[in-house]
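The values are calculated or read from the model by the stated rules, or taken from the named source; none is laboratory data. These numbers come from a predicted model, not from an experiment. Glycine gets a Cβ as well: all are built from the backbone with ideal geometry, and neighbour counts include every protein chain shown. Note: areas computed on protein heavy atoms with side chains; ligands, DNA, RNA excluded. Shrake-Rupley method; radii C 1.70, N 1.55, O 1.52, S 1.80 Å.
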Amino acid sequence: MSLDNRPHYSGGCQCGAVRFHVEGALGGASVCHCRMCQKAFGNFYAPLVSVHRDAKLVWTRGEPKKFRSSNFAFRGFCADCGTPLTYEAPDGVALAIAAFDEPEEIAPTVQWGLEGKLPYVDHVHELPGYATEDDPDAADFVNDIVSYQHPDHDTEQWPLGESS
């Protein structure tokens, strides 16, 4: 919480070139299955949360590049790493839930665009599941990974050792 007891949230893209801060309440969280959202996110659906009209959204490092995806909407993304960040329409801005530093705190409560829903999405949870370390054939590969991904918190500069 901030000093005035308003909630605050932060997040950004995978590479750290774009970071944001929201002070105030978020609006509704949803997933959209429409084909436009599938393409924008390169995924089965787009998990988004709206920024409440009384909240303040500030880009604290860089800003998203925008693509006009329709006559009504723009999609914001990091021009460096491609992370989807925003859906901007006349009724406001929504942010990609997974771009938040603590996405587990933002649970979707509704689905939109069901006409575009892929037929297998409701059954993904039924697939066998394994932790990364459960694959002995991938152990050497996994142990040698060095992540260049921005951490899930604000940093003074990024990448480390470079000035902002």
Choice from PRO64, PRO108, PRO128 with maximal GNM fluctuation in the chain (Cα, 10 Å cutoff): PRO128
Of ALA46, SER70, GLY27, farthest towards positive along the dipole that unit charges on Lys, Arg, Asp, Glu beta carbons give the chain: SER70
Euclidean distance between Cα centres, region 15-30 to region 41-86, Å: 10 Å
Separation of the GLU126 and ASN43 label points, Cα + 7 Å toward Cβ, nm: 2.3 nm
Residue-normalised accessible area of the chain, expressed per residue, 1.4 Å probe, Å²: 66 Å²
For the chain, built as a Gaussian network whose Cα springs stay under 10 Å, the top-fluctuating residue of LYS117, LYS39, LYS66: LYS39
Proximal aspartates and glutamates relative to LYS66, as straight alpha-carbon distance under 18 Å, when same-chain residues fewer than 8 apart are discounted: ASP80, GLU88, ASP91
Region 1-159, accessible surface, carbon-and-sulfur percent (1.4 angstrom probe): 53 percent
Most fluctuating residue given options GLY76, GLY12, GLY42, as computed from a GNM of the chain linking Cα atoms under 10 Å: GLY42
